[in-house]
1. Of everything in the stretch 251-263, what is more than 18 Å from the chain's Cα centre (by Cα) and either outside the structural domain of residue 204 (by TED's automatic domain parsing) or under 17 Å from residue 195 (Cα atoms) (or both)? Give them in sequence order.
2. Run residue 365 past the list (1) under 30 Å from residue 46 (Cα atoms); (2) part of a loop (DSSP other than H, G, I, E, B); (3) under 16 Å from the mean Cα position of the chain (by Cα) and report the number of the one that doesn't hold.
3. Being within 18 Å of residue 136 (Cα to Cα), of a type in the set (A, V, I, L, M, F, W, C) and assigned by TED's automatic domain parsing to the domain that holds residue 15 is the filter here, so list the residues in the stretch 301-342 that pass it.
4. How many residues are in a loop (DSSP other than H, G, I, E, B) and not hydrophobic (A, V, I, L, M, F, W, C) when one looks only at the stretch 70-95?
5. Identify, from the list 287, 259, the residue that is over 30 Å from residue 120 (Cα atoms), out of contact with any Ser or Thr (no Cβ under 9 Å at 6 or more places or on another chain) and not aliphatic (A, V, I, L, M).
6. Under 7 Å between Cβ atoms, at least 6 apart or on separate chains: pull out the pairs that start in the stretch 54-76 with a residue that is in contact (Cβ under 8 Å) with a residue 60 or more places away in the chain and end on any residue that is of a type outside the set (S, T, N, Q).
7. If the requirement is being at pLDDT below 95 and among the aliphatic types (A, V, I, L, M), which of these qualifies: 28, 72, 9?
8. Working carefully through the options 98, 105, find the one that is under 27 Å from residue 354 (Cα atoms) and either among the charged types (D, E, K, R) or in a helix (DSSP H, G or I) (or both).
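The values are calculated or read from the model by the stated rules, or taken from the named source; none is laboratory data. Since this is a predicted model, take the numbers as computed values, not measurements. Using ideal geometry, Cβ is built from the backbone for each residue, glycine included, and neighbour counts are taken over all protein chains shown.
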Amino acid sequence: MGILSALGMGKKVRYAVVALGDISQEAMLPGFAHTGNSEVTAFVTSDPEKARKVGAQYKVTDTYSYEQFGEMLASGKVDAIYLATPNWRHAEFAIPALAAGIHVLTEKPLEVSTAKCRDILDAAKASTAKLMVAYRLHFEPATLSTIRAIRDGDLGDLILFSSTFTQMVDPENHRAKNGIAGGPLFDMGPYPVNAARYVFGAEPTEVVSAVGVRHPDAGLGDFDDTIAVTLRFPGERLAQFVVSYYGNTLDSYFVVGNKGSIHMQPGYMYGKPLEQVTTIGQEESSKSFKNTDHFGGELKYFSDCILNDTPPEPDGEEGYADVRVLEGIVRALESGGSCKLEPFERTRRIDVDRQEMTLAAQKSPELVNTSSPGKGVDKTPKN
């Protein structure tokens, strides 16, 4: 019996949450209850205390260790997984899940190399299951309003995307202990890279420059804690951004055209309203968008795709598109020069008329054996 036949109309997609770190506990798990089409039925974690205490919060009794992941896939108790392991462990779990016909909603980035991304894409192509990368902003009203204004021509011909995304990361957080794969490039970099791609509606052709620095007082691991990047896009358009683990919290981007501009601040964060300032000529207007549940929204969308057998928009190819750029940035950092990117065309873009989600924001519970990566800062985007 196929997954749709087994679920039937009006039923809920059953999820296993793989890894109970801060992103799962703080943001994703609270969103299940009000999606209407999703429920959490199992956990995969190596921490028995997390399994017990978080399980009590959500009435989940089926818990598996990472070594028992295959047993969980064969249990018949889950239809899909939400994958929130560290970035470099996505392929390890996504590939066997897809091979078992279990749908995969994985946090971004899809992986930390294009080779591993292609392995996941090959597994998805061979599977009947669906793969979606958790680009929550693809469903967020302020983001979609910005894309709509750009596509309507309000800003004229676009010339520049500019972003600053910084936070102070605790040296004790696991992100500070796993080199470049856990550093700001792969953790925070997907936000401005993805944003530049969706505002331009195109793929970058070159990493013009990438400069990384390490501040001794940051107390972080063996990686650049602050990175500045310039990307070239077709049509003589440029994207510039800075990401940092050693800056006071700032979350902002500008999109500039020859007729107007849009400033988003915050532009990536969850847990508070996103703010949009639009300037057309000399006329400025501002709008604060209602805080929504980004995670419940993307979860509801993915479950709708499963139940209605429709392909999700932020699919594996979307994940690959960002890692292609991040990998080029790594090469530019290593060489100290520019890096031409192999030709690539994205076959799908965000559908602003069908993807908007407006579920009410949910309160985060007390976290068990985990914490936000920032020093005294809550609800910053995390992977």
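1. If the condition is that a residue be more than 18 Å from the chain's Cα centre (by Cα) and either outside the structural domain of residue 204 (by TED's automatic domain parsing) or under 17 Å from residue 195 (Cα atoms) (or both), then 254, 255, 256, 257, 261, 262, 263 are the ones that fit.
2. For residue 365, the exception is condition (3).
3. Within the stretch 301-342, 302, 305, 306 meet the criteria.
4. So the answer is 6.
5. Numbers: 287 fails: out of contact with any Ser or Thr (no Cβ under 9 Å at 6 or more places or on another chain).
Answer to the check: 259.
6. 54/20; 54/43; 54/368; 57/365
7. Working: 28 fails: at pLDDT below 95; 72 fails: at pLDDT below 95.
Sole residue among the options that is at pLDDT below 95 and among the aliphatic types (A, V, I, L, M): 9.
8. Details: 105 fails: either among the charged types (D, E, K, R) or in a helix (DSSP H, G or I) (or both).
Just one listed residue meets the conditions, 98.
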